[in-house]
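K.L.:
Here it is, the structure, as structure tokens.
Bear in mind that the values in this text are calculations on the coordinates, not laboratory data. All of these numbers come straight from a predicted model, not from anything done at the bench. Cβ coordinates were reconstructed from backbone atoms using ideal geometry, including for glycine residues, and neighbour counts include every protein chain displayed.
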Amino acid sequence: MSPSLGTVANLSLSEAADLIRTRELSSSDLVEACLERIGALDARLKAYISVYADEARHVAKALETMLVAGHRLGPLHGVPIALKDNIALRGKRTTAGSKILADWLPDEDATVAARLKSAGAIIIGKTNLHEFAWGGTTDNPHYGTCRNPWNPERFPAGSSGGSGVAVAARMCFGALGTDTGGSIRLPSAMNGIVGIRPTIGRVSNNGVVPLAWSMDTVGPMARTVRDCALLFNVVAGHDPHDDGSVLEATPDYTAGLDLGIRGMRLGVMPDYCFQHLQPAVLDAFRKALATLKDCGATIVDVQIDNIHGNIAAQLTVETCEPSTFHQRWLRERPEEYGEDVRRLLEVGEMMLATQYIQAQRYRKLLRQEFIQAFHLVDVFVCPTVPFTATPVGATTVVIENGVEEDMLSAIMQFTGVPSLTGLPSLAVPCGFDPDGLPIGMQLVGRPFDEATLFRVGAAFQSATDFRTHV
């Protein structure tokens with residue numbers, strides 16, 4: 001007897017892929033399970049801009065025929081995956097969440113999309129995002145306000161909010177997002193899933209609409225660390241079509257997931273990691289550190305002297321570079337932007353070259369301090385976001401002492417550091433607030449050492465059950 005579609009939708013990506021491989025489930029089962037969830041939930045959640053229902057069904061049948069004939073394309077054979085809609089898909093509308101690109105039909109797949117297809121993935125749809133990825137709420141004026149599946153009155157963060165919601169709400173088995181200042185890790189934290197920002201240059205940006213090119217990267221989002229590592233195996237690696245791609249060997253990121261973390265040194269920055277947090281986030285973070293210690297790791301206090309300048313530098317770079325890319329459209333088609341994005345782009349036009357250069361100098365200094373600190377620790381640990389999901393439409397947040405703060409600045413308190421330094425970072429669920437909203441923990445690693453981040457994340461997930469909450 002075949003399992004119900006609801007049961008199928010609750011499978012992890014890895015479980016689903018294994019059941020496809022052994023032919024205990026069909027690709028069609030997975031597609032129909034996702035489409036049923038999309039049909040039931042997405043009118044409210046607005047996770048998708050485009051859904052390829054008929055095409056996904058046809059591809060699933062073709063992949064089933066291939067499997068019967070003994071041909072398995074790869075580890076994602078027959079598994080439905082979603083793409084953030086700033087990632088090009090040949091012949092499919094790729095809007096970047098904008099009106100300006102509403103009718104753009106790319107001639108070629110982005111490299112990451114091509115790699116997913118080559119591994120057997122079924123692209124089930126393109127997900128909603130903050131317009132042009134320039135913002136942290138996924139409140140999109142053109143394609144609808146994306147909402148958090150844990151509480152639709154709360155926001156899912158952004159800019160990869162649609163990907164985060166689609167994964168968390170079981171509307172796909174994994175998704176790709178993009179991350180500049182935190183756009184994978186923020187919605188991962190707010191939606192209770194796993195997401196990785198790779199080392200800059202580890203994953204190709206070819207075919208991706210840019211935001212701030214010196215910090216942009218693509219990364220996977222999934223419900224478990226193992227699933228995220230499996231997706232990362234597929235998309236990571238050098239791409240000669242991307243000038244920023246680094247020629248660096250890629251290991252099997254799933255190989256060390258069961259090794260544990262006994263003897264590993266995990267760094268915390270006491271005057272940074274425990275400051276300016278909502279009480280529930282602070283409590284969850286302290287408990288997460290205790291769990292990691294129980295797993296055999298040693299917690300090491302580390303001082304990073306210049307870390308407190310990171311938000312200003314982050315906002316400077318992420319204001320100047322997008323305005324450069326959008327300069328012509330901003331002059332010729334300003335009325336086609338949402339008000340918030342247009343305002344940010346106009347601010348970028350007024351930034352001084354000296355401000356941008358000083359921010360870039362700061363980035364170099366901060367990276368050097370972290371590289372030096374990695375002589376003392378293997379991984380850094382901190383919260384992902386200092387607060388939990390705020391009401392939809394809010395532009396400010398209260399973190400402590402009843403003081404309202406600007407959302408965009410506050411939300412990047414921790415995620416901006418890996419963005420500025422180019423270091424890899426993994427967001428993992430680590431608890432819930434009193435309202436049942438997810439809380440995230442961020443792991444930051446050495447350059448090109450994503451494997452260690454996955455290892456630590458897997459150990460934490462093995463010792464906790466946050467990933468099992470629905």
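K.L.:
Rg and Dmax of region 266-444, Cα atoms, in Å?
P.N.:
For region 266-444, the Cα-based Rg and Dmax read 18.1, 59 Å.
K.L.:
Helix-only estimate, please: 222 nm mean residue ellipticity of the chain, summing -39500 (n - 2.57) across DSSP H runs of length 4 or more and dividing by its residues, to the nearest 500.
P.N.:
Result for the chain, helices only: -11500 deg cm²/dmol.
K.L.:
Considering only Gly158, Gly192, Met221, whose Cα is most displaced toward the positive end of the charge dipole of region 158-243, charges sitting on Cβ of Lys, Arg (+1) and Asp, Glu (-1)?
P.N.:
Gly192
K.L.:
Still on this structure: Given the peptides 418-425, 103-110, arrange them by the average over their residues of other C-beta atoms within 10 Å, most packed first.
P.N.:
Going from most to least packed, we get 418-425, 103-110.
K.L.:
Another one. Counting alpha carbon pairs within less than 8 Å and at least 6 residues apart, what relative contact order, in whole percent, applies to region 178-287?
P.N.:
Relative contact order, region 178-287: 22 percent.
K.L.:
Near Ala410, within a Cβ-to-Cβ distance under 12 Å, what is the net charge of the other residues, with Lys and Arg +1 and Asp and Glu -1?
P.N.:
In short, -4.
K.L.:
Under a point-charge model restricted to the Cβ atoms of Lys and Arg (+1) and Asp and Glu (-1), what is the dipole moment magnitude of region 217-316 relative to its Cα centre, in debye to the nearest 20?
P.N.:
520 debye
K.L.:
What order, most packed first, do the peptides 37-44, 95-102 have when packing is the mean number of other Cβ atoms within 10 Å of each residue?
P.N.:
Final packing ranking: 95-102, 37-44.
K.L.:
Below 11 angstrom from the Cβ of Asn206, what's the summed charge of the other residues (Lys, Arg +1; Asp, Glu -1)?
P.N.:
Cβ neighbours under 11 Å give a net charge of -4.
K.L.:
Right, here's the next one. If packing is taken as the mean number of other Cβ atoms within 10 Å per residue, what is the order of 167-180, 427-440, 242-255, highest first?
P.N.:
Averaged packing, sorted descending, gives the order 167-180, 427-440, 242-255.
K.L.:
At a threshold of 8 angstrom on Cα-Cα distance, excluding pairs fewer than six apart, so keeping six or more, what relative contact order does the chain reach in percent?
P.N.:
Once normalised by length, the contact order is 16 percent.
K.L.:
Going by Cα centres, region 279-349 and region 118-144 are how many Å apart?
P.N.:
19 Å
K.L.:
What size of dipole, in debye to the nearest 20, comes out for the chain about its Cα centre when the only charges are +1 on Lys and Arg C-beta atoms and -1 on Asp and Glu C-beta atoms?
P.N.:
With Lys and Arg at +1 and Asp and Glu at -1, about 680 debye.
K.L.:
Counting Lys and Arg as +1 and Asp and Glu as -1, each charge on the Cβ, what is the dipole of region 266-444 about the Cα centre in debye, to the nearest 20?
P.N.:
That gives a dipole near 580 debye.
K.L.:
Round to a whole angstrom and tell me the spacing of the C-alpha centers of region 193-224 and region 416-470.
P.N.:
16 Å
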